[in-house]
Amino acid sequence: MRRVAADGMIAGAVGSVALNMVSYLDMALRGRPASSTPDETAGRLAGAAHVDLGGGEPAANRRAGLGPLLGYGLGVGVGALYAVAAHRRPLAPPVAVGLLGASVMAMSDGTMTALRVTDPRRWSRADWVADIVPHLAYGVAAAATWYRLRPPCRC
């Protein structure tokens, strides 16, 4: 089971890289700034856990480092959970893509919504597209990596 989870973690890490690449490409093409939501989420989670990040610029730098780390942790974790749940009953690749992408999106957006960092009810169509497309890239890359590491049995 450890090897299965490790392969899932690898798939999740590859998915996280793809998500970030698509996000950075969007920033480059549209000229939009980086999102502040990962930093805000890190700060709110630290506050909820009673972890003092300090003050001023060092605290801002800590939040800037912790935000992306939380994203990678979530992506790796979703990959591991998928692997443990799906390794005995492989899903069709399109289903795996959708499940992986939707899972990581629901967990990240759900956390930010619960912490009141964002409110998806107020997002524009462009905001939704900017959120869905990178999470779909996560699903594609994570599923492709999973099936490369663990090809379905063709018995």
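The values are calculated or read from the model by the stated rules, or taken from the named source; none is laboratory data. What you see is a predicted model, and the numbers here were worked out from it, not measured in a lab. With ideal geometry, Cβ positions are generated from the backbone for all residues, glycine too; neighbour counts draw on all protein chains shown. Just so you know, the surface numbers come from the protein's heavy atoms only, side chains and all, with ligands and any DNA or RNA stripped out. Shrake-Rupley method; radii C 1.70, N 1.55, O 1.52, S 1.80 Å.
Numbers for the structure displayed
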{"quantity": "Boolean, ARG116 is charged (D, E, K, R) and within 30 Å of TYR147 (Cβ to Cβ)", "calculated": "no"}
{"quantity": "Checklist (1) among the small types (Gly, Ala, Ser); (2) surrounded by fewer than 14 Cβ atoms within 10 Å (Cβ to Cβ); (3) at pLDDT below 95 applied to ALA114, failing item", "calculated": "(3)"}
{"quantity": "Which listed residue is open to solvent by 50 Å² or more (accessible area, probe 1.4 Å), among the hydrophobic types (A, V, I, L, M, F, W, C) and either in contact with a helix residue (DSSP H, G or I) (Cβ under 8 Å, 6 or more places away or on another chain) or not in a helix (DSSP H, G or I) (or both), from LEU19, LEU53, LEU29, LEU45", "calculated": "LEU45"}
{"quantity": "Unmet criterion (only one of (1) in a helix (DSSP H, G or I); (2) over 16 Å from VAL4 (Cα atoms); (3) at pLDDT 95 or above; (4) open to solvent by less than 50 Å² (accessible area, probe 1.4 Å)) for ILE132", "calculated": "(4)"}
{"quantity": "Candidate set from the range 78-94 (those that are part of a helix (DSSP H, G or I) and open to solvent by 30 Å² or more (accessible area, probe 1.4 Å)); member that is farthest from ALA5 (Cα to Cα)", "calculated": "PRO94"}
{"quantity": "Long-range neighbours under 7 Å by Cβ, at least six apart or interchain, first residue under 16 Å from MET9 (Cβ atoms) and modelled with pLDDT under 90 within the range 85-96, second β-branched (Val, Ile, Thr) and open to solvent by less than 80 Å² (accessible area, probe 1.4 Å)", "calculated": "HIS87/VAL4"}
